[in-house]
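The values are calculated or read from the model by the stated rules, or taken from the named source; none is laboratory data. Treat the numbers as computed from the prediction; the structure is a model and nothing was measured. All Cβ positions, glycine included, derive from the backbone under ideal geometry; neighbour counts span all protein chains shown.
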Amino acid sequence: MKKIKTTPAGFAEAFIEIDGMPFRFVDKYNKYNWRKYLLPIYNNPYEDMILKCGRQVEKSTTLAVKGASHSALKPHFGTLYVSPTSKQTRKYSNQKFRKIINTSPLFSKYFTNKYTTDQVYEVTFSNFAEYHMGYAYHSADSVRGVSVDMITFDEFQDLLSDHIPVIKEAASASDYEINIYSGTPKTYNNHIEKRWQDSTQNIWVIPCKSCGIGNRMDKDPKRMISKQGLVCKKCGSSINTKNGYWHELQPDARLKGYHISQLQIGRNQRKKKWDKIYYEKYLKYPEAKLHNEVFGLSFDSADKPMTKTKLKKVATGPWLYELKRDTTKKNPLYMGVDWGENKGSFNVAVIGGFVDGTFRVFHIKKFDHKESQDPDLVLDYLHDMFNIFKCRVMACDHGAGHKENIRLKKMISPERVWEIYYSSNQKKLWDWKPKGEMYVVNRSKIMSDTIDKIEREELQLPQWEELEKRRVSGRALYEDFTSLNKEYSETLRAYKYDHDGPDDVFQALVYCRLAAHIDQGVSIQ
């Protein structure tokens with residue numbers, strides 16, 4: 001094969017088609033989709049990047065073309081694509097990446113043969129490049145064990161923040177170690193917005209030839225919309241996105257960031273497309289949806305399901321250091337354990353049980369990072385408290401602490417140490433999986449039910465003074481409840497819980513309560 005020197009953008013234009021049409025960045029005659037603004041995104045192959053975008057602005061296409069270009073131009077190069085769900089990843093594989101590969105004469109002739117792989121979740125090439133595709137909403141298990149050079153995150157806003165460090169480990173051994181985050185922002189608490197704030201914040205600016213001002217796509221975009229097309233915010237004159245340029249707001253930041261709005265897309269300047277934006281979106285969309293999906297901007301519509309006011313109403317119970325039968329009234333107690341998976345989370349144990357028909361929490365232990373570095377110390381403490389409170393069952397987070405769970409089963413007994421695994425595919429609230437020796441639980445449903453019990457004041461926490469004064473790394477225990485966020489995901493078509501700080505105490509409570517319900521046969525409505 002003859003060697004050629006080219007840029008990733010040049011490679012894409014020369015060898016890749018999109019839906020039967022040549023891939024072009026410049027479109028002088030409106031024959032293709034003008035996408036010149038994407039050039040620096042394609043030709044910046046080795047830096048971490050965040051793409052904060054509206055819907056239908058070629059996010060996934062950009063990831064697919066970049067992935068194909070890297071695979072062809074760099075022998076032995078490994079890429080991992082991750083989306084929240086298996087359905088999204090299959091759709092991306094079939095309609096984007098593999099479609100590009102299978103319709104390209106270059107790839108068919110020079111990069112595939114009888115020894116290469118062409119499967120939904122894995123594509124390999126004759127130059128030994130590999131392209132893996134996985135998903136990670138409730139769990140990052142589908143991407144564990146993969147070693148790559150570049151990770152591309154699609155619909156990044158819908159991934160749970162706890163899984164992101166786990167996924168990034170796939171590229172930790174690479175000299176390249178490239179991470180590209182792509183998605184549509186939701187609220188200001190979402191992690192896509194947080195990464196954007198730490199980026200170079202490249203914004204598209206369209207100069208007005210009449211008055212000379214630069215119209216930023218990220219500021220007051222509604223003022224740029226008219227029936228006829230884009231207009232200047234100041235004088236109302238017509239402006240053309242093809243005259244725009246990238247402006248870097250934070251040039252010293254290490255993370256490259258690009259904001260892409262539907263308003264700057266080449267094909268959307270055509271009358272039929274613009275009419276849809278104006279009549280069906282601008283005039284009809286709710287503010288949050290308009291800002292998120294059309295403008296590619298965050299909108300503060302997140303719900304904080306747990307507040308200090310709500311918690312104070314249920315934080316009225318005793319804090320126990322040991323079992324007191326006059327308080328627990330001979331009812332069995334349970335322990336829930338949430339394992340901290342990264343530096344931003346903590347190992348936590350919660351002890352509680354049903355007393356007089358209400359689930360009550362009597363003790364909380366949150367290990368600081370120094371304590372957590374000594375697994376023997378943590379396990380000995382859990383074992384001792386399990387015996388001091390005469391707990392019947394210990395329910396533990398399966399994902400981050402599986403090795404510790406195995407040790408606990410040996411220290412206590414396999415029948416009394418349960419592993420809890422969150423799954424997005426779990427239809428019922430929970431199910432026992434004998435093969436994995438664990439309970440598989442629907443995360444959103446069990447979290448919603450626990451929050452509902454607190455809101456209805458049908459669950460009791462230790463007295464507020466204890467939740468407020470007990471602090472680990474400067475954070476009070478109650479903040480593991482108030483850190484929760486709830487927002488609706490159009491991608492998942494469901495409400496999604498995440499957190500803008502550690503939520504380990506809340507998760508340990510969920511496990512503790514779940515163990516009590518399952519062991520005592522108390523149904524959750």
Inset, instruction - Examine segment 192-200 for a residue that is buried (at least 19 other Cβ atoms within 10 Å of the Cβ), basic (Lys, Arg) and touching a strand residue (DSSP E or B) at 6+ places or on another chain (Cβ under 7 Å), and state whether such a residue exists. - result: yes
Legend entry - Residue satisfying all of: in segment 444-481; in contact with a strand residue (DSSP E or B) (Cβ under 6 Å, 6 or more places away or on another chain) and part of a helix (DSSP H, G or I); farthest from Pro318 (Cα to Cα) among these: Met447
Legend entry - Verdict on Thr152 being within 30 Å of Ser423 (Cα to Cα), among the hydroxyl-bearing types (Ser, Thr, Tyr) and part of a loop (DSSP other than H, G, I, E, B): no
Legend entry - Residue, farthest from Tyr497 (Cα to Cα), within segment 78-92, restricted to residues that are out of contact with any Phe, Trp or Tyr (no Cβ under 6 Å at 6 or more places or on another chain) and surrounded by 22 or more Cβ atoms within 10 Å (Cβ to Cβ): Gly78
Inset, instruction - Would you please list the contacts, defined by Cβ atoms under 6 Å and residues six or more apart or on different chains, that run from a residue in segment 395-420 that is without any contact (Cβ under 8 Å) to a residue 60 or more places away in the chain to a residue that is assigned to a loop (DSSP other than H, G, I, E, B) and crowded, with 18+ Cβ neighbours inside 10 Å? - result: Glu419/His398
Legend entry - Top-ranked residue of segment 493-525 - restricted to ones that are surrounded by 20 or more Cβ atoms within 10 Å (Cβ to Cβ) and aromatic (Phe, Trp, Tyr), ranked as farthest from Asp158 (Cα to Cα): Tyr511
Inset, instruction - Report whether or not Thr124 is without any contact (Cβ under 8 Å) to a residue 12 or more places away in the chain, surrounded by fewer than 23 Cβ atoms within 10 Å (Cβ to Cβ), of a type in the set (Ser, Thr, Tyr) and over 30 Å from Ser423 (Cβ atoms). - result: no
Inset, instruction - Would you check if Tyr497 is assigned by TED's automatic domain parsing to the domain that holds Leu320 and not in a helix (DSSP H, G or I)? - result: yes
Inset, instruction - Name the single residue, out of those in segment 281-308 being surrounded by fewer than 16 Cβ atoms within 10 Å (Cβ to Cβ) and touching a strand residue (DSSP E or B) at 6+ places or on another chain (Cβ under 8 Å), that is nearest to Leu38 (Cα to Cα). - result: Asp303
Legend entry - Only listed residue being out of contact with any helix residue (DSSP H, G or I) (no Cβ under 6 Å at 6 or more places or on another chain), hydroxyl-bearing (Ser, Thr, Tyr) and surrounded by 17 or more Cβ atoms within 10 Å (Cβ to Cβ), chosen from Thr328, Thr316: Thr328
Legend entry - Number of the condition not met by Ala72 [criteria: (1) buried (at least 18 other Cβ atoms within 10 Å of the Cβ); (2) under 30 Å from Asp252 (Cα atoms); (3) not hydroxyl-bearing (Ser, Thr, Tyr)]: (2)
Legend entry - So Lys272, is it among the basic types (Lys, Arg) and not assigned by TED's automatic domain parsing to the domain that holds Tyr37: yes
Legend entry - helices (runs of 4 or more DSSP H) contained in segment 227-335 and holding at least 3 residues under 31 Å from the mean Cα position of the chain (by Cα) and within 30 Å of Ala349 (Cβ to Cβ): 308-314
Legend entry - Test result for Asp158, in contact with a Pro (Cβ under 7 Å, 6 or more places away or on another chain) and either touching a residue at least 60 places away in the same chain (Cβ under 8 Å) or surrounded by 21 or more Cβ atoms within 10 Å (Cβ to Cβ) (or both): yes
Legend entry - Count - residues of segment 265-280 that are in contact with a strand residue (DSSP E or B) (Cβ under 8 Å, 6 or more places away or on another chain) and hydrophobic (A, V, I, L, M, F, W, C): 1
Inset, instruction - Check off (1) in contact with a strand residue (DSSP E or B) (Cβ under 9 Å, 6 or more places away or on another chain); (2) of a type in the set (A, V, I, L, M, F, W, C); (3) not assigned by TED's automatic domain parsing to the domain that holds Tyr46 for Leu255 and give me the number that stays unchecked. - result: (3)
Legend entry - Residue ID - surrounded by the fewest Cβ atoms within 10 Å (Cβ to Cβ), chosen from residues in segment 106-121 that are more than 21 Å from Ala12 (Cα to Cα) and of a type in the set (Ser, Thr, Tyr): Tyr115
